[in-house]
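The values are calculated or read from the model by the stated rules, or taken from the named source; none is laboratory data. Every value quoted in this text rests on a predicted model; they were computed, and no experiment measured them. All Cβ positions, even for glycine, are placed from backbone atoms using ideal geometry, and neighbour counts span all protein chains on display. Calculation scope for accessible area: heavy atoms of the full protein, side chains included, ligands and nucleic acids excluded. Shrake-Rupley method; radii C 1.70, N 1.55, O 1.52, S 1.80 Å.
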Amino acid sequence: MTKFNQIENLLTTDRVYKELKNAIFKRKLAPGEKLDIFELAKQFNVSRTPVKEAFNRLQMEGLLVIRPRKGTYVAEIDMNRIMEVFDARLLIETWAARIGVEKGTQEDFQTLRNLCLEMDKDYRAKPFDSINYNELDIQFHIQLVKMGQNQVILDLYKGLNAHRVTERAFFDRAFEKADSSHHHHLEIVEAFEKREEALVLALVANHIVKGKEALLQSQK
């Protein structure tokens, strides 16, 4: 297992969570690798509690698998599931977008635009922070689904952990992926602001389909 540096006590759980998440995305912790909570607590110079709490957060994000009486493992990268997640996103996000065009408020659209601005800062930053960019991308698409005004579907969407699952497969080409789709987000926002339903649906669908195609192409 990869070695970690000790961390300060301030916001301990959050720091452990970020260190582990970083290691998972960068494949320093390999898919399927078993994690030793005692060893990690020793390396981080913390008690087991913040490590356990970090494990629970990462499990909720689909990055760890906790098997009772067996242990905690880095989730495998399942390409078939990733393809199915893209299909689920297409159904949910276009459904939500149709409602959002009609019922979305200017505040909703401004939230999307603000997220675009934050993403643009990360996109232009050197070095490119793919994990932070991806978190903003997640917020953008969750905001889009929120405009569907259905809490059950929103919870289902969040449960897919769609972007975190797919980002692991894309990590080695993270900037290339961002570069090919970054401009899509602002185009979607502008179409929402004009309440052009057909254009919004086409842009949202294209954004998701192109992402799926890019991943399929990268596997050849």
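Some notes on this structure:
- Apportionment of accessible area to carbon and sulfur, the chain, percent (1.4 Å): 50
- Dmax and Rg, reported as Rg then Dmax, of region 57-136 (C-alpha, Å): 17.4, 50
- Farthest toward the positive end of the dipole of the chain, out of SER181, TRP95, VAL152, is the Cα of VAL152, where the dipole comes from beta carbon charges about the Cα centre.
- Among the GluC sites (Glu not before Pro) found in region 174-220, those both in a DSSP coil and sparsely packed, with 14 or fewer other Cβ atoms within 10 Å of their Cβ, are GLU196.
- Calculated accessible area for the chain comes out at 54 Å² per residue, all protein chains present (probe 1.4 Å; ligands, DNA, RNA ignored).
- Sorting ARG168, ARG69 by accessible area puts them as ARG69, ARG168; the probe is 1.4 Å, largest comes first, and only protein heavy atoms count.
- Rounded to the nearest 20, the size of the Cβ-charge dipole of the chain about its Cα centre is 960 debye, with Lys and Arg at +1 and Asp and Glu at -1.
- Evaluated at q = 0.14, 0.17, 0.23, 0.31 Å⁻¹: base-10 log I(q)/I(0), Debye formula over Cα of region 180-220: -0.34, -0.47, -0.70, -0.99
- For region 30-42, 3J(HN,Hα) per residue [Karplus equation, 6.51 cos²θ - 1.76 cosθ + 1.60, θ = phi - 60°, Hz, x = Gly/Pro]: 7, x, x, 5, 7, 9, 9, 4, 5, 5, 5, 4, 5
- Whole-Å distance, taken between Cα centres, linking region 13-44 and region 84-162: 27
- Sorted largest first, the principal axis extents computed over the alpha-carbon atoms of region 121-209 equal 36, 28, 22 Å.
- Mean Cβ count within 10 Å, highest first, over the residues of peptides 61-67, 23-29: 23-29, 61-67
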